[in-house]
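Working notes for the structure below.
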Amino acid sequence: DVQCEWTSVRTIMNHWGNNTAALEKAAGPGRWNDPDMLLAGNDCVTDDEATTQFVIWSIVAAPLIMGNDLRKVPASMKKLLLNPEIIAIDQDPLGKPGGRRTKYPGSIEVWTRELSGGDLGVAVYFDAPGRFALEAGRVG
């Protein structure tokens, strides 16, 4: 179960990343994997952490269930939770879940999801400051 702290979200992300192949086989239209509720809008994660969780949950085609008091959601989190591009990835009609494809040294991860129309949803996560180069051909 997710706890209201970033380390809990990272533990879930690591589990999902390490088990992408099995989790993708178990999900699809009518049967969705659920990594747990979103923490966006709670004061236990930063805006960047909430954004990361929301994007990764969308890549894995998870139900986007919020675990907070909607009357108290800050404007920045309302904007995130209503982001049509991220929601479109989560709700893509192809219904194929995605997962972590690559984990580079230094905590850089590439997550992808095949989308309808031959498109590809891509999320890049890194938890260290700095810059890195990523070639598009190595993503999908």
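The values are calculated or read from the model by the stated rules, or taken from the named source; none is laboratory data. Just so you know, these numbers come straight off a predicted model, no measurement behind them. Don't worry about glycine lacking a Cβ; one is built from the backbone with ideal geometry, like all the others, and counts go over all protein chains shown. Surface areas here come from the heavy atoms of the whole protein model, side chains and all, with no ligands, DNA or RNA. Shrake-Rupley method; radii C 1.70, N 1.55, O 1.52, S 1.80 Å.
This table checks each residue for (1) open to solvent by 80 Å² or more (accessible area, probe 1.4 Å); (2) closer than 18 Å to residue 62 by Cβ; (3) among the hydrophobic types (A, V, I, L, M, F, W, C).
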{"site": "79", "(1), (2), (3)": "yes, no, no"}
{"site": "98", "(1), (2), (3)": "no, yes, no"}
{"site": "101", "(1), (2), (3)": "yes, yes, no"}
{"site": "109", "(1), (2), (3)": "no, yes, no"}
{"site": "112", "(1), (2), (3)": "no, yes, no"}
{"site": "135", "(1), (2), (3)": "yes, no, no"}
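Just to be sure I understand, how many residues within the stretch 1-28 are outside any helix (DSSP H, G or I) and either in contact with an Asp or Glu (Cβ under 7 Å, 6 or more places away or on another chain) or over 23 Å from residue 73 (Cβ atoms) (or both)? Talk me through it step by step, then tell me what you get.
Of the stretch 1-28, the ones outside any helix (DSSP H, G or I) are 1-5, 19, 27-28.
Restricting the remaining residues to those that are either in contact with an Asp or Glu (Cβ under 7 Å, 6 or more places away or on another chain) or over 23 Å from residue 73 (Cβ atoms) (or both) gives 1-2, 19, 27-28.
So the count comes out to 5.
Could you tell me whether residue 91 is polar (S, T, N, Q) and surrounded by fewer than 17 Cβ atoms within 10 Å (Cβ to Cβ)? Steps first, answer last, please.
On the way: polar (S, T, N, Q): yes; surrounded by fewer than 17 Cβ atoms within 10 Å (Cβ to Cβ): yes.
It is true that residue 91 is polar (S, T, N, Q) and surrounded by fewer than 17 Cβ atoms within 10 Å (Cβ to Cβ).
For the list (1) exposed (fewer than 14 other Cβ atoms within 10 Å of the Cβ); (2) at pLDDT below 90, I need the number of the one condition that residue 44 fails.
With (1) exposed (fewer than 14 other Cβ atoms within 10 Å of the Cβ); (2) at pLDDT below 90 applied to residue 44, the lone miss is (1).
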